[in-house]
Amino acid sequence: MVTYTIDTPAFDMIDITSYVREAVRASGVEEGCALVYCPHTTAAITINENADADVVRDLKLAWGDIFADRSDFRHAEGNSAAHLKSSAIGASELIPVSNHALVLGTWQGIYFCEFDGPRTRRFHVQVMSG
Ligand code: ZN
């Protein structure tokens, strides 16, 4: 397993595709899959378009509406909306590996989603053969 550390802004999607490609290359695995996992409760991993930056902008805008903060939330830390986003988007993605490369669509990128930054965050990549 490879662990990466990144510094994040308050609320953003950070393209981590190059990190995952590097982990796959370093693993030497020819056929299998790569698990990308985020060990945080107010962040997530997702796959989406990396060509038009407006897609990220629109997702962030909509997530802000869908998972809005509420005055009757009780969580003392005050970041329940970030916890909601984390659970809804999910802590991991599993991507096929073939011919030593990630199997991603032309417009797909892997994103680390920060919902409660700025923070120093980690994510793990486990490349498995099979
Ligand atoms: Zn919290």
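The values are calculated or read from the model by the stated rules, or taken from the named source; none is laboratory data. Computed from a predicted structure; not experimentally measured. Methodologically, a virtual Cβ is constructed for each residue, glycine included, from the backbone with ideal geometry; neighbour enumeration extends over all protein chains shown. Ligands, DNA and RNA are excluded from the accessible area calculation, which covers all protein heavy atoms including side chains. Shrake-Rupley method; radii C 1.70, N 1.55, O 1.52, S 1.80 Å.
If you filter region 5-18 down to residues that are open to solvent by 40 Å² or more (accessible area, probe 1.4 Å) and touching a Lys or Arg at 6+ places or on another chain (Cβ under 8 Å), you find that the one that is farthest from Gln126 (Cα to Cα) is Phe11. So, Ile66, is that one surrounded by 10 or more Cβ atoms within 10 Å (Cβ to Cβ) and either hydroxyl-bearing (Ser, Thr, Tyr) or without any contact (Cβ under 8 Å) to a residue 40 or more places away in the chain (or both) or not? Spelling it out, Ile66 is indeed surrounded by 10 or more Cβ atoms within 10 Å (Cβ to Cβ) and either hydroxyl-bearing (Ser, Thr, Tyr) or without any contact (Cβ under 8 Å) to a residue 40 or more places away in the chain (or both). The lone criterion from (1) touching a strand residue (DSSP E or B) at 6+ places or on another chain (Cβ under 6 Å); (2) assigned to a strand (DSSP E or B) left unmet by Asn48 is number (1). Looking only at region 1-59, which residues are of a type in the set (Ser, Thr, Tyr) and within 16 Å of the ligand (Cβ to nearest atom)? Matches in region 1-59: Thr8, Thr41, Thr42. Give the residues of region 102-113 that are open to solvent by less than 40 Å² (accessible area, probe 1.4 Å) and either outside any loop (DSSP other than H, G, I, E, B) or within 16 Å of the ligand (Cβ to nearest atom) (or both), sorted by residue number. Hits for region 102-113 are Leu102, Gly109, Ile110, Tyr111, Phe112, Cys113.
In region 77-97, the qualifying residues are those that are away from the ligand (no atom under 16 Å from the Cβ) and surrounded by fewer than 15 Cβ atoms within 10 Å (Cβ to Cβ), and the one that is nearest to Gln126 (Cα to Cα) is Leu94.
Checked against the criterion of being surrounded by 15 or more Cβ atoms within 10 Å (Cβ to Cβ) and part of a loop (DSSP other than H, G, I, E, B), the candidates His124, His40 yield just one match: His40.
In region 60-76, the residue that is nearest to the ligand (Cβ to nearest atom) out of those that are over 27 Å from Val36 (Cα atoms) and not basic (Lys, Arg) is His75.
Is region 73-96 home to any residue that is among the small types (Gly, Ala, Ser) and assigned to a strand (DSSP E or B)? Among the residues of region 73-96, at least one is among the small types (Gly, Ala, Ser) and assigned to a strand (DSSP E or B), which makes the answer yes.
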